[in-house]
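A.B. asks: Have a look at this one before I ask anything.
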Amino acid sequence: MVGFKNRYMIMEVFLDPNRDLAVDDPIIITQFNVSKAIKDSILVNFGECGLASSFGSFQVKYVNPITKLCIIRASREEYQKVWSAITMVKSIGHCPVLFNLLDLSGSIRACRNAALKCDKAKFEQYKLVVGDRLTDDINNQMQNCLERIKILEH
């Protein structure tokens, strides 16, 4: 018997750089927000039948709100539909966003390793940008996110 085949996409979320974070409410990227935006995009672009066909395996497995990295699972037959719907997502909440595919993998283990590497590199870059304003709370949040990736399985 052959197991159910999935594809795992590591996506990077870019928030609108012109957004004034001091004035606007900061958007927090969560699994729910990302999942809802993608499902809405599938519904708009592929209809109810497209949403139903991709619904079986679709899941946002991991989101890091600091580095804006997420892992999305889709079935092997439907991942191209999900990927194209992701590229058509224009906003999460009221904040304009862009998605960038960093890695596409057939196993959660390979995806986890790539995500760890990307997350660590992005957090080092984040620390350089933030500098002295890096709090222990943010450092602890990042460590928790890295631990969640390490234990990521089905």
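A.B. asks: So, of the residues in the stretch 102-139 that are open to solvent by 90 Å² or more (accessible area, probe 1.4 Å) and more than 17 Å from the chain's Cα centre (by Cα), which turns out to be farthest from residue 83 (Cα to Cα)?
C.D. replies: The residue in question is 132.
A.B. asks: Hey, among the residues in the stretch 1-27 that are modelled with pLDDT of 65 or more and of a type in the set (Asp, Glu), which one's farthest from residue 66 (Cα to Cα)?
C.D. replies: 16
A.B. asks: Does any residue of the stretch 82-93 turn out to be open to solvent by less than 60 Å² (accessible area, probe 1.4 Å), assigned to a helix (DSSP H, G or I) and either in contact with a His (Cβ under 6 Å, 6 or more places away or on another chain) or farther than 27 Å from residue 40 by Cβ (or both)?
C.D. replies: No, the stretch 82-93 contains no residue that is open to solvent by less than 60 Å² (accessible area, probe 1.4 Å), assigned to a helix (DSSP H, G or I) and either in contact with a His (Cβ under 6 Å, 6 or more places away or on another chain) or farther than 27 Å from residue 40 by Cβ (or both).
The values are calculated or read from the model by the stated rules, or taken from the named source; none is laboratory data. Just so you know, these numbers come straight off a predicted model, no measurement behind them. Backbone-built Cβ (ideal geometry, glycine too); neighbour counts: all protein chains shown. Surface areas here come from the heavy atoms of the whole protein model, side chains and all, with no ligands, DNA or RNA. Shrake-Rupley method; radii C 1.70, N 1.55, O 1.52, S 1.80 Å.
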